[in-house]
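Just below is one structure, and these are the notes that go with it.
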Amino acid sequence: IEIIGAPIFNERNMLRGAVLLLYDITHLKKLELMRKDFVANVSHELKTPITSISGFAETLLNGAMDDKDTLRDFLMIIHDESTRLQELIEDLLKLSRLEKDDFKLVRTTVDVNSLVSEVMPIITQRAEQKGIDLKTDVADDVMLEAEAQQVKQILINLLSNAISYTPESGEVRLAISEEDNNVHIQVVDNGIGISEDAIPRIFERFYRVDKARSRNTGGTGLGLAIVKHIVDVHDGTILVDSEQGEGSVFHVYLPKSEEVSSQSMG
Ligand code: ADP
């Protein structure tokens, strides 16, 4: 608690009393800590690929480049690490836009089927690379008042995760249906699953259940934080149903229109 005090004088400058303000700053302190934590995390996440890029470049310049195979291998690493940096910066920008105080959602009427057909080519390619069986089960004529780009981002992030955290020749399914006043998106996989104690934490920025493994899959650690933000700004809900070693289901419920979402809130 922070205390600020000030004396009160009357018109003849005689002391009449005092005001005391007691501020409960626990919440502010917490925010401050979270901010510091975030800056430390971002710095670390940026530093890792940069250290690797400059290290490999330096080794090449110091003579390793004379060997053609080494040159190729090191350039590959430098290329991959640069891509990683790029993705991280893009995700940070997405998050910071969503977190802006004056963030305004631009809702239009979105045809969910055409949205899915825009997303699938990207996802299908990733699934094929891993030999994962990708199925879609999308109801016809599902319409949604939402920001198309953001809903697309939800699908891309959840489906990419489902593919990343499912071993080769596993199964990933996207199902979309209408339920009451909501559009219900389900992303189902039969992958590694998430332990019960980790589930509440996966939406935190940079939280990874298995750091080494996630690093190899190339994720930024921000995918689900972005998804959660997008769902929140649409007044939607996200739930996770998962069992370790069995697989996961991510459920997203988005209100079909703004009126529906304000009704359900009030
Ligand atoms: P990342 O870039 O590490 O994938 P995310 O924010 O997308 O970051 O996810 C956070 C963590 O949640 C992941 O590192 C992973 O441990 C876990 N996770 C997310 N999706 C799945 C899934 N479908 N199956 C198992 N674990 C998952």
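The values are calculated or read from the model by the stated rules, or taken from the named source; none is laboratory data. Keep in mind the model is a prediction, meaning the values are calculated, not measured. Please note: Cβ atoms are built from the backbone with ideal geometry, for glycine as well, and neighbour counts cover all protein chains shown. What goes into the accessible areas is simple: the full protein's heavy atoms, side chains included, and nothing from ligands, DNA or RNA. Shrake-Rupley method; radii C 1.70, N 1.55, O 1.52, S 1.80 Å.
Here are some pairs, 100/130; 47/68; 30/152; 104/228; 30/94; 29/256; which of them have Cα atoms lying more than 26 Å apart in this structure? Let's see the in-between values first.
Working: 100/130 37 Å; 47/68 28 Å; 30/152 33 Å; 104/228 16 Å; 30/94 23 Å; 29/256 38 Å.
Those over the limit are 100/130; 47/68; 30/152; 29/256.
Legend: translational diffusion of region 94-223 by Stokes-Einstein, Rh = Kirkwood radius over C-alpha pairs, 25 °C, 0.890 mPa s; D = 153 µm²/s.
Accessible surface ranking for 47, 130, 1.4 angstrom probe, highest first: 47, 130.
Two tests apply to each whole DSSP H helix in the chain, Cα reach of 20 Å or more along its axis and mean Kyte-Doolittle hydropathy of at least -1.0, and the ones passing both are 26-61, 68-99, 112-129, 148-164. Packing, as the average of other Cβ atoms within 10 Å across residues, places the peptides 22-33, 49-60 in the order 49-60, 22-33, highest first.
Starting from the Cα gyration tensor of the chain, take the square roots of the eigenvalues, sort them a ≥ b ≥ c, and report rounded, prolate or oblate (rounded when a/c is under 1.5, otherwise prolate if a/b is larger than b/c, else oblate). Before the final figure, lay out each step's value.
Numbers: a/c = 2.44, a/b = 1.28, b/c = 1.90.
Note, shape of the chain comes out oblate.
Could you tell me which residue out of 182, 54, 74 lies farthest along the dipole of region 47-206 toward its positive end? Charges go on the beta carbon: Lys and Arg +1, Asp and Glu -1, centred on the Cα centre. Farthest towards the positive pole: 54.
In the context of the full set of protein chains, region 1-124 has a per residue accessible area of 76 Å² (1.4 Å probe). Based on Cα contacts under 8 Å between residues 6+ apart, region 45-195 shows a relative contact order of 19 percent. Derived from the Cα gyration tensor, the three semi-axes of the equivalent ellipsoid of region 52-92 are 24, 10, 4 Å, largest first. Going by accessible surface with a 1.4 Å probe and the largest first, 251, 184, 44 read 44, 251, 184. Surface exposure of region 147-219, expressed per residue as accessible area with a 1.4 Å probe, stands at 46 Å². Rounded, prolate or oblate: pick one for region 1-150, where a ≥ b ≥ c are the square roots of the eigenvalues of its C-alpha gyration tensor, a/c under 1.5 means rounded, and failing that, prolate if a/b is larger than b/c, else oblate. In terms of gyration-tensor shape, oblate. Surface composition of region 126-212: carbon plus sulfur atoms contribute 42% of the solvent-accessible area (1.4 Å probe, protein chains only, all chains present).
When you count the other C-beta atoms within 10 angstrom of each residue and take the mean per peptide, 173-179, 35-41, 120-126 line up highest first as 173-179, 120-126, 35-41.
In region 70-113, one over the average inverse separation of all distinct C-alpha pairs is 13.6 Å, which is the Kirkwood hydrodynamic radius. Fully extending the segment from residue 87 to residue 38 would add 15.9 nm, taking 0.36 nm per residue of separation and subtracting the current Cα-Cα distance.
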